[in-house]
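Taken together, the values in this text are just the output of simple stated rules run on the coordinates, not laboratory data. All values derive from a computational prediction rather than experimental measurement. Cβ atoms come from the backbone with ideal geometry, glycine included; neighbour counts cover every protein chain shown.
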Amino acid sequence: MGECLLLLHPSTGNGLVESLQSCPATNPSMLNVHLVPHTHDDVGWLKTVDQYYYGDRNNIQHAGVQYILDSVIDQLQKDPARRFIYVETAFFYRWWKQQNQSTQRIVTQLVNEGRLEFINGGWCMSDEATTHYSAVIDQMTLGLRFLNDTFGECGRPRVAWHIDPFGHAREHASIFAQMGYDGFFFGRLDYQDKARRMKTKEMEMLWRASESLTPPLADLFTGVLPNGYNPPEGFCWDQSCDDAPIRDDPDLEDYNVDEIVQKFLNAGFYKANHIIMTMGSDFQYENANLWYKNMDKLIKYVNALQAKGSKVNVLYSTPSCYLQELNLANLTWPLKTDDFFPYADDAHDFWTGYFTSRPALKLYERLSNSRLQTCNQLEVLGGPKSKSGPFGEGDSDTMKRAMGVAQHHDAVSGTEKQHVAYDYARRLATGWAHCEVLVRNSLAILSGSEAPHVFCENLNISVCPLTESSHKFSMNVYNPLGRTVSWPVRLPVNGSVYSVTDANGRAVDSQVGNVFISLKCTCYIYDMKSSCLLPLLSVRWFHSSSAKPTATLFDILHYFLNYFGVSVNTMVGIMCVFVLFDNHRYNASAGNNKESPQTSGAYIFRPNSSDPFVINKTAETQIVTVSSTVQEVTQWFSPWVSQVVRLYEGHRELELEWTVGPVPVADGLGKEVITRLDTDIKSSDYFYTDSNGREVLERRKDYRPTWELKQTEPVAGNYYPINSRAYIKDDKHQLTVVTDRSQGASSLYNGSLEIMLHRRLLYDDYRGVGEPLSEPGDFSDGLVARGRLLLTFTPPDTAADVHRPLAQGMVLQPLLSFQDGTPSANTKLEVCRGSMDG
């Protein structure tokens with residue numbers, strides 16, 4: 001049993017080398033080539049997680065993870081020099097549980113000796129553009145905790161490994177650094193950036209990943225892998241590869257050792273006398289003997305040339321051992337302070353469409369994250385009985401694993417096949433079903449009442465059977481944030497006159513209005529306590545009137561501006577700050593452009609024109625509601641695009657609820673729908689986007705901070721991911737938009753901010769998914785998506801105090817539960833992290 005490999009932090013040189021026993025010896029006078037055997041196992045993409053693990057549906061893609069792990073463990077035992085790294089804990093966890101004790105002992109020994117090394121260690125290799133930091137930390141925690149519980153310190157990953165995500169976020173690097181990782185390797189970066197780095201030998205760098213943390217707290221050594229995550233051309237020896245094996249019998253006609261050896265290396269763009277070679281790819285090593293037999297020969301014959309003066313030394317290695325050697329080289333590395341978005345792999349191929357792809361799944365993942373945090377908290381507050389209480393057996397683990405899988409770079413990113421997207425959603429639903437039992441148990445324990453709590457899953461489409469049918473019901477609101485919040489609540493009801501009181505019997509302002517799709521009534525409630533009662537006084541149907549509206553969008557925006565002391569008369573244009581909320585669409589490229597055959601698809605955003613089309617210049621105003629509680633107006637831009645603009649009394653933000661779909665494609669054109677906010681803010685081509693919900697990065701149109709950009713796609717090349725917020729500003733004003741999910745955004749004109757809401761496309765974009773992004777709807781031709789944006793208009797120096805709490809509240813939303821009838825006096829829920837007072 002060897003000791004564990006413990007590393008220095010290469011960016012700082014702090015610490016001591018406690019053991020190098022498990023790393024192979026290198027030669028300081030030679031060029032050392034570190035062969036890293038690995039497999040890249042997507043946690044769902046073209047097949048579901050289960051199908052990939054078992055090797056099912058091989059007509060879609062030949063891949064079986066269980067056989068990969070079986071084969072690798074067998075081959076590692078045959079030669080102590082061999083190494084292998086494994087990344088996706090979600091798969092390894094499943095495989096480990098199925099092994100007998102003898103196999104587990106063998107694997108543990110391989111881990112202790114450093115011959116099987118876990119890299120990255122999260123439940124998955126997460127996406128970096130469309131994930132929220134809290135969900136990233138959760139999925140990393142899930143995987144790392146299993147590895148620690150199973151293998152102790154020897155199972156601890158030392159290197160972050162994101163070889164496939166499509167662009168890289170600064171916040172991810174910051175998280176890895178704060179978690180104690182020694183380095184970070186990735187495979188994809190913009191083709192122009194890569195060409196420059198290869199020329200200047202800057203493929204490895206020090207990434208200073210935070211503006212707010214004092215160095216070196218968020219400093220992380222970062223390297224770009226020379227071949228992405230594939231082997232060098234001509235050196236792929238998997239059963240899925242076509243490259244020739246090493247034929248080393250000199251008596252045979254097809255002897256090729258000399259040829260193989262001569263073309264092996266081309267590594268002039270690295271500073272040290274160490275280079276790394278990824279020997280593997282997607283779902284490879286199902287027959288590991290093919291790989292190891294040929295790599296054994298490669299090492300043997302290349303190193304044999306040292307006797308004739310060769311200065312090349314090839315060895316089996318791991319990213320940790322490679323990183324250790326770079327640290328010992330004591331070199332100075334270039335500094336990186338921005339991020340690696342957007343990513344393009346060719347002049348007209350910008351991977352910025354997936355920032356918005358599958359908007360419904362993106363919202364479901366975000367809401368599931370909020371529910372998981374609530375589930376975790378109530379599990380603690382309710383104690384052990386919350387898992388096994390009056391409503392049965394519940395758990396949070398199922399939801400943790402479902403959310404861990406959902407962070408994968410082909411999951412929440414929206415870049416999977418349709419049947420896989422359904423599977424991700426099903427897993428989240430199953431996870432919440434397990435959490436629901438736990439939450440019911442906990443609420444019963446905390447309130448002292450075993451009356452069942454009902455959760456309305458379809459409030460987004462104004463459906464809640466209990467509130468629509470009961471003459472008297474109560475609503476409990478659990479706030480997962482550690483501070484008080486004011487949260488507007490909209491409920492479908494079947495009457496028009498209600499008396500609403502809080503838990504202490506005090507009246508709560510409410511307004512019964514019209515739900516613009518279902519024409520049901522909605523009760524607007526805000527500033528709620530932990531529970532409230534809605535006793536029904538009388539019932540009558542509410543009918544919308546065709547009479548002239550009593551207020552217009554202009555009136556609501558006028559009120560909004562006056563709320564902040566802004567005079568409408570001093571502004572430019574219609575409502576000055578907001579030239580309404582124009583909805584536009586880009587028509588997607590069909591691949592017949594003379595410059596490039598590239599199409600828009602799940603990954604790629606490529607409009608066929610730089611100018612979007614206005615969906616309807618004159619929106620039809622249908623419903624207006626004005627009361628002391630809320631002012632709102634509904635606008636129809638077309639039969640498939642509408643929005644509701646709301647302003648709640650006492651709130652400083654304007655709410656924009658959008659509904660898009662089914663996106664029509666009968667004209668043969670895919671469409672990418674945006675909302676654009678045009679203002680008189682002098683933004684001068686600058687705008688700002690958050691990084692995974694944490695810090696904010698400055699963006700500039702047609703510009704990259706660390707390299708000279710040759711812009712070839714004026715729209716797609718200026719799109720960036722936003723996870724919670726984006727804004728534009730000048731010296732006096734800042735317009736901030738807070739989102740309810742991850743989306744793509746840009747500022748293409750001075751004073752303008754646009755956000756992509758929905759995409760429906762007719763062609764595949766040739767990045768592997770093999771089908772167009774055209775999601776079916778439940779009852780119609782195409783998916784209908786609905787969401788919310790919160791808009792604030794503030795002075796720049798106070799904007800953060802407003803938009804940060806709004807963004808936090810959007811990510812961790814209160815959980816509503818309902819009980820039929822009026823609960824008894826002793827069932828008041830007293831234990832909450834924060835009341836709902838504003």
**Q.** Derived scalar couplings ³J(HN,Hα) [the stretch 408-417; Karplus, 6.51 cos²θ - 1.76 cosθ + 1.60; whole Hz; x for Gly, Pro]
**A.** 4, 6, 10, 10, 4, 4, x, 10, 9, 5
Q | Label point distance in nm, E450-Q239, each placed 7 Å from Cα along Cα→Cβ | A | 5.6 nm
**Q.** Distant-in-sequence amide H partners of N32 (H built 1.01 Å from N, under 5 Å)
**A.** H274, I275, N313
(Q) Checking the table K271/K701; K194/K671; K263/K297; K194/K297 against a 23 Å threshold on Cα-Cα, which pairs fail? (A) K271/K701; K194/K671; K194/K297
Q.
Can you compute the helix-only [θ] at 222 nm over the chain? Use -39500 (n - 2.57) per DSSP H run of at least 4 residues, normalise by all residues, nearest 500 deg cm²/dmol.
A. -8000 deg cm²/dmol
Q. Which length gain, in nm to one decimal place, applies between D702 and K385 when the Cα-Cα distance is subtracted from 0.36 nm times their residue separation?
A. 108.4 nm
**Q.** Gap separating the Cα centres of the stretch 767-812 and the stretch 349-423, nearest whole Å
**A.** 16 Å
**Q.** Cα centroid separation, the stretch 145-183 to the stretch 228-259 (Å)
**A.** 33 Å
Q.
Could you order the peptides 768-781, 679-692, 430-443, 800-813 from most to least packed, using the average number of other C-beta atoms within 10 Å per residue?
A. 430-443, 679-692, 800-813, 768-781
Q) So what's the Cα pair-distance distribution over the chain, bin width 20 Å, in %? A) 15, 45, 31, 9, 1
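Please arrange T659, T618, T736 by how many other C-beta atoms lie within 10 Å of their C-beta, fewest to most. Display every interim value, and only then the final one.
Details: T659 20, T618 8, T736 25.
If I rank by nearby Cβ atoms, fewest first, I get T618, T659, T736.
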Q: Any chance you could list the semi-axes, whole Å, largest first, of the equivalent ellipsoid that the Cα gyration tensor gives for the stretch 653-779, using √(5λ)?
A: 28, 19, 14
Q.
Translational diffusion coefficient of the stretch 393-511 at 10 °C, 1.306 mPa s, Stokes-Einstein with Kirkwood Rh over Cα pairs, in µm²/s as a whole number.
A. 92 µm²/s
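Provide Rg over Rh for the stretch 289-366; use the alpha carbon set for both Rg and the Kirkwood Rh (inverse mean inverse pair distance).
1.20
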Q: Would you list, by chain and number, the lysines whose Cα falls below 28 Å from the Cα of K385, excluding same-chain residues fewer than 8 positions away?
A: K97, K400, K529, K828
Q: Return the sequence-ordered ³J(HN,Hα) values of the stretch 212-221 in whole Hz as given by the Karplus equation 6.51 cos²θ - 1.76 cosθ + 1.60 applied to θ = phi - 60°, using x for Gly and Pro.
A: 9, 8, 5, x, x, 4, 10, 8, 8, 4
Q. For the stretch 587-606 and the stretch 87-112, what is the separation of their Cα centres, given in Å?
A. 44 Å
Q. Mind checking Rg over Rh on the stretch 617-705, alpha carbons, Kirkwood formula for Rh?
A. 1.06
Q: Over the alpha-carbon set of the stretch 553-811, work out the extent along each principal axis and list the three values in angstrom, largest first.
A: 52, 48, 33
Q: Over the alpha-carbon set of the stretch 96-224, divide Rg by the Kirkwood Rh and report the Rg/Rh ratio to two decimals.
A: 1.03
**Q.** Relative compactness, the stretch 181-314, computed as alpha-carbon Rg over 2.2 N^0.38 Å
**A.** 1.28
